[in-house]
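Working notes, structure below.
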Amino acid sequence: MFALVDCNNFYASCEKLFRPDLADTPVVVLSNNDGCVVARSKEAKKLGIKMGVPVFQVRDVLHKQGVVAFSSNYALYADMSQRVMSTLENLAPRVEVYSIDEAFLDLTGINYSLSLTEFGLQVRRIVHKHTGINVCVGIAPTKTLAKLANHAAKTWHKTGGVVDLTCTERQRKLLALLPVGEVWGIGGKLTKRLQQLGIDTALQLADAEPEFIRQHFSVVVERTVRELRGESCLALEQLAPTKKQIISSRAFGDRITDKQQMQEAISEYVSRACKKLRQEQQHAQYLTVFLRTSPFSDTDAPYSASKSIALDTPSSDTRVFLAKAMQLLEALWVNGYRYAKAGVMLADFYDPGVYQPSLFDTPPVQKDTDKKLMQLMDTLNSKHSKTLWFASQGTKQEWSMKRELLSPAYTTDWQQLPVVK
DNA sequence: TCTGGGGTCCTAGGACCC
DNA sequence: TCTGGGGTCCTAGGACCC
């Protein structure tokens, strides 16, 4: 038996938590560069502001209705997420942190002492008491059904924020009400193709033959069908699997037309990605650099390109990747375009010291001093960010993203603690 | 004028092998 | 004239998630 615990309007709730004056005010949180709406308080949802809309399309509504907007404050959200997750870890024996605002709990053994619904209500109470965040709880025999139970708990207030779908009849009743696109794993494209086959509701998908779905779609969709029928195919995964790739990319605050600025940006992304790589305690062999103009522009000539290179030896040394990235950029750069976004990707990971040399390679020697230099950089930068950086990252970073509506890092920076007067 | 970032998994098809 | 069958591995692209 699984429970899915999902925080309500997570980013917006985090912002409201430290601004009691905004308790009843509509609040939205924006993506990087203050580009799109990525979270909405319940008041903002009521105003009809859609998830993911570009800000410029709803600017009038935001203004007229007195909506308060915030830039994304990841330091705050990550810290609040950790508090919620550690509270959950005290309430259930096994927890899978699925995303920044949701977690699956294994409920095996829970119903010996109290009913599953009572347990769900208790989770809500305790998480709210410890963190101030409201959550909803969906309970079911499979993860996919638990997701739908959670959706129901969020949608219908009279559920009290907890829905237990143990009983098959309740499952079918709910599935009949939900369009197939609400099912976890069924996105826009699949919804269309399923509808062409006459499958419109979640119940119709559950009642389709798994073999038939397998033939028309894939094993993934087949698994979804089985999960909807109550056959658990997706297990709880407590340990975060090691990463297979690391991406660092950003849209620019302003378009880039100058090569040196692009070099700065790519250098910045390379050093971010390498820092993450060292945190994962991995070495990477494969580097990709990409850049593109805006796909939304009618006036800008379109250009999008990427190039990759494999190192002779896996590494986590920023300097090695910087040198290669500059070579790749040299090959990719074309004068005259208005670049909107660029990024780098690291892949093909190895544990440090483990790799397969080719026949004619001289065995690599990673000098101890190289390793220490990177460690020193990371240590210094973790205490005071941006203490040490590479000159190629630039000093002004005029291209960097816009975050004009950023709230303070209330919980992670001594200088920015909230003050009670 | 202005449209996010970071991931995973699966499949199809080509190259190559015996 | 007639040209097999069964694999593996890799990559690109498509789909999904939050």
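Points to keep in mind about this one:
- The sole residue among A:LEU175, A:LEU228, A:LEU190, A:LEU236 that is more than 30 Å from A:ARG278 (Cβ to Cβ) and touching a strand residue (DSSP E or B) at 6+ places or on another chain (Cβ under 8 Å) is A:LEU175.
- Considering (1) surrounded by 21 or more Cβ atoms within 10 Å (Cβ to Cβ); (2) closer than 30 Å to A:LEU234 by Cβ, the lone condition that A:ASN73 does not fulfil carries the number (2).
- The residue of segment A:213-222 that is farthest from A:THR168 (Cα to Cα), among those that are touching a residue at least 24 places away in the same chain (Cβ under 8 Å) and surrounded by fewer than 20 Cβ atoms within 10 Å (Cβ to Cβ), is A:PHE217.
- Within segment A:318-347, the set of residues being of a type in the set (D, E, K, R) and closer than 25 Å to A:LEU376 by Cα comprises A:ARG319, A:LYS324.
- Test: residue in segment A:195-212 that is surrounded by 16 or more Cβ atoms within 10 Å (Cβ to Cβ), assigned to a strand (DSSP E or B), away from DNA strand B (no atom under 15 Å from the Cβ) and among the polar types (S, T, N, Q): yes
- Segment A:135-166, subset charged (D, E, K, R) and away from DNA strand B (no atom under 16 Å from the Cβ), residue surrounded by the fewest Cβ atoms within 10 Å (Cβ to Cβ): A:LYS158
- Conditions (1) of a type in the set (Asp, Glu); (2) surrounded by fewer than 17 Cβ atoms within 10 Å (Cβ to Cβ); (3) within 16 Å of DNA strand B (Cβ to nearest atom): number failed by A:ASP34: (2)
- For the condition away from DNA strand B (no atom under 16 Å from the Cβ) and in contact with a strand residue (DSSP E or B) (Cβ under 6 Å, 6 or more places away or on another chain), A:ALA69 does not qualify.
- Residue pairs whose Cβ atoms lie under 9 Å apart, separated by 6 or more positions or on different chains, with the first residue in segment A:29-40 and under 15 Å from A:GLY253 (Cβ atoms) and the second modelled with pLDDT under 95 and among the aromatic types (Phe, Trp, Tyr), are A:ASN33/A:PHE252; A:GLY35/A:PHE56.
- Criterion: outside any helix (DSSP H, G or I) and out of contact with any Asp or Glu (no Cβ under 9 Å at 6 or more places or on another chain) - qualifying residue of A:LEU114, A:LEU174: A:LEU114
- A:GLU231 meets the conditions (1) crowded, with 16+ Cβ neighbours inside 10 Å; (2) in contact (Cβ under 8 Å) with a residue 40 or more places away in the chain in every case but one. The failed one is (1).
- Against the criterion of being polar (S, T, N, Q), within 16 Å of DNA strand C (Cβ to nearest atom), in a helix (DSSP H, G or I) and without any contact (Cβ under 8 Å) to a residue 40 or more places away in the chain, A:THR144 does not qualify.
- Taken over segment A:381-400, the criterion of being loosely packed, with under 14 Cβ neighbours inside 10 Å, within 27 Å of the chain's Cα centre (by Cα) and assigned to a helix (DSSP H, G or I) is satisfied by A:SER382, A:LYS383.
- Residues in segment A:296-316 that are touching a residue at least 40 places away in the same chain (Cβ under 8 Å) and within 16 Å of DNA strand C (Cβ to nearest atom): A:ASP312, A:PRO314.
- Where helices (runs of 4 or more DSSP H) fall entirely within segment A:1-92, none has at least 2 residues that are at pLDDT below 95 and within 14 Å of DNA strand C (Cβ to nearest atom).
- Output for segment A:124-137, where each listed residue is among the aliphatic types (A, V, I, L, M) and more than 24 Å from the chain's Cα centre (by Cα): A:ILE126
The values are calculated or read from the model by the stated rules, or taken from the named source; none is laboratory data. Because the structure is a prediction, the values reported are computed rather than measured. All Cβ positions, even for glycine, are placed from backbone atoms using ideal geometry, and neighbour counts span all protein chains on display.
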